[in-house]
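Notes for the one structure printed next.
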Amino acid sequence: MGENLYGLPMIDVASLRPLERLSRTATTPRGAVMGLVADSGRVRQVLDLGRLLGAPATRDADGYLVMLKAHPDLALRLGERPLSVAVTPDPANPERAQVASLGDHHAKTLVILSVAALLAADLSVGA
């Protein structure tokens, strides 16, 4: 997001796919809730990850969805295509890691996101 790098632990991710069709609901936009999507026979509430991180609300209905293992009723919307990278944890700060993969982000620091903390910060989840 912007110049900042954020990472979700792969253990929290069930799947990833392009956001093809978002259904707006009467209660959106509220907090980070953008709307609903159908995914493999279930309905998931879509939360804008940027909004959860404090960015201004967006009406963009494109991007990518991250399906969460522990929350089968939720998906996180990302505005940009996510990358999978190897990281080296920062022993002094468990919420940060250094990108070990080669490429544009090599040796940059990223913030490791906690899904539980993101969801707890947004009171509109499940509303």
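The values are calculated or read from the model by the stated rules, or taken from the named source; none is laboratory data. Values in this document were obtained by computation on a predicted structure and should not be read as measured data. Reconstructed Cβ throughout: ideal geometry from the backbone, glycine too, with neighbour counts over all protein chains shown.
Points to keep in mind about this one:
- Candidates are the residues of region 71-114 that are among the basic types (Lys, Arg) and in a strand (DSSP E or B); the one that is nearest to Ala57 (Cα to Cα) is Arg77.
- Selection of region 59-70 for residues being assigned to a loop (DSSP other than H, G, I, E, B) and in contact (Cβ under 8 Å) with a residue 24 or more places away in the chain yields Arg59, Ala61, Asp62, Gly63, Lys69, Ala70.
- Test set (1) under 13 Å from the mean Cα position of the chain (by Cα); (2) assigned to a loop (DSSP other than H, G, I, E, B); (3) at pLDDT 90 or above - Ala55 fails condition number: (3)
- Close pairs (8 angstrom Cβ cut-off, 6 or more residues apart or separate chains): at pLDDT 90 or above in region 1-15, of a type in the set (S, T, N, Q) and exposed (fewer than 12 other Cβ atoms within 10 Å of the Cβ) anywhere: Met10/Ser84
- Any hit, region 31-39, residues being assigned to a strand (DSSP E or B), among the charged types (D, E, K, R) and modelled with pLDDT of 90 or more: no
- Scanning region 68-127 for residues that are surrounded by fewer than 11 Cβ atoms within 10 Å (Cβ to Cβ) and either charged (D, E, K, R) or closer than 28 Å to Glu20 by Cβ (or both) turns up Glu80, Arg81, Ser84, Gly103, Asp104, Ala127.
- Check on Thr58, among the polar types (S, T, N, Q), over 20 Å from His105 (Cβ atoms) and touching a helix residue (DSSP H, G or I) at 6+ places or on another chain (Cβ under 7 Å): yes
- The selection criterion, being modelled with pLDDT of 90 or more, surrounded by fewer than 13 Cβ atoms within 10 Å (Cβ to Cβ) and among the small types (Gly, Ala, Ser), does not hold for Ala26.
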